[in-house]
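Take a look at the structure set out below.
The values are calculated or read from the model by the stated rules, or taken from the named source; none is laboratory data. If you're wondering where the values come from, they're calculated on a predicted model, not measured in any experiment. Cβ: placed from backbone, ideal geometry, glycine included. Neighbour counts: every protein chain shown.
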Amino acid sequence: MDEAPGLSDQYRTASPWPVFIALGIPISELGLLFGLFPLAVGGLLLFGGSVIGILKESGYVTSTIRAVTALAVVFLAFGAGLAFTDIALVTRGYAVIAAAILLAVGGVVFELFVREQRQTF
């Protein structure tokens with residue numbers, strides 16, 4: 001009998017991405033709630049990057065650029081909705097738009113300059 005059925009040495013036991021997603025959501029919410037621009041942008045970048053990372057790690061996406069583009073479009077739409085519908089939420093909307101732009105730029109830079117490393121055994 002095997003003491004740990006279904007587990008193999010080739011798989012890691014835990015992924016770091018859920019922790020960063022769990023941190024990114026409240027950080028961005030605090031920044032958006034209190035109108036703190038850098039905190040909101042940083043939290044949204046942490047959340048967005050972690051979502052892209054978990055999608056790539058789990059094999060749902062082969063190229064990160066499409067996932068980054070889709071998430072950036074969602075952030076842009078949400079930010080535009082905040083910025084252009086109510087006067088009191090303009091700063092919060094601009095924070096989400098800035099995070100979308102930085103996420104898209106970071107995704108393009110990652111795709112262009114970071115090469116996928118393959119391990120050979």
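Residue 32: buried (at least 20 other Cβ atoms within 10 Å of the Cβ), aliphatic (A, V, I, L, M) and within 10 Å of the chain's Cα centre (by Cα), yes or no? Here the answer is no, as residue 32 does not meet what is asked.
Residues of the stretch 62-91 that are under 18 Å from the mean Cα position of the chain (by Cα) and of a type outside the set (Val, Ile, Thr): 63, 66, 67, 70, 71, 72, 75, 76, 77, 78, 79.
Close Cβ contacts (under 9 Å, 6 or more residues apart or on different chains) running from residues in the stretch 78-90 that are acidic (Asp, Glu) to residues that are part of a helix (DSSP H, G or I) comprise 86/93. Examine the stretch 18-25 for a residue that is at pLDDT 85 or above and either assigned to a loop (DSSP other than H, G, I, E, B) or touching a Lys or Arg at 6+ places or on another chain (Cβ under 8 Å) (or both), and state whether such a residue exists. There is no residue in the stretch 18-25 that is at pLDDT 85 or above and either assigned to a loop (DSSP other than H, G, I, E, B) or touching a Lys or Arg at 6+ places or on another chain (Cβ under 8 Å) (or both). Taking residues in the stretch 14-39 that are within 18 Å of residue 95 (Cα to Cα) and in contact (Cβ under 8 Å) with a residue 40 or more places away in the chain, and partners anywhere that are assigned to a helix (DSSP H, G or I) and among the basic types (Lys, Arg), the pairs with Cβ atoms closer than 7 Å and at least 6 places apart or on different chains are 32/92; 35/92.
Residues are listed down the side, and each one gets a yes or a no for (1) surrounded by fewer than 15 Cβ atoms within 10 Å (Cβ to Cβ); (2) part of a helix (DSSP H, G or I); (3) at pLDDT 85 or above:
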{"position": "76", "(1), (2), (3)": "no, yes, yes"}
{"position": "90", "(1), (2), (3)": "yes, yes, no"}
{"position": "94", "(1), (2), (3)": "no, yes, yes"}
{"position": "97", "(1), (2), (3)": "no, yes, yes"}
{"position": "100", "(1), (2), (3)": "no, yes, yes"}
{"position": "103", "(1), (2), (3)": "no, yes, yes"}
{"position": "107", "(1), (2), (3)": "no, yes, yes"}
{"position": "110", "(1), (2), (3)": "yes, yes, no"}
{"position": "116", "(1), (2), (3)": "yes, no, no"}
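Any residue that is assigned to a helix (DSSP H, G or I) and at pLDDT below 85 - is there at least one of those in the stretch 37-46? Spell out how you get there, then give the answer.
Step one: of the stretch 37-46, the residues assigned to a helix (DSSP H, G or I) are 37-46.
Next cut, at pLDDT below 85 only: none.
Taking every residue of the stretch 37-46 in turn, none turns out to be assigned to a helix (DSSP H, G or I) and at pLDDT below 85.
Of the residues making up the stretch 52-60, not a single one is among the small types (Gly, Ala, Ser) and in contact with a Leu (Cβ under 9 Å, 6 or more places away or on another chain).
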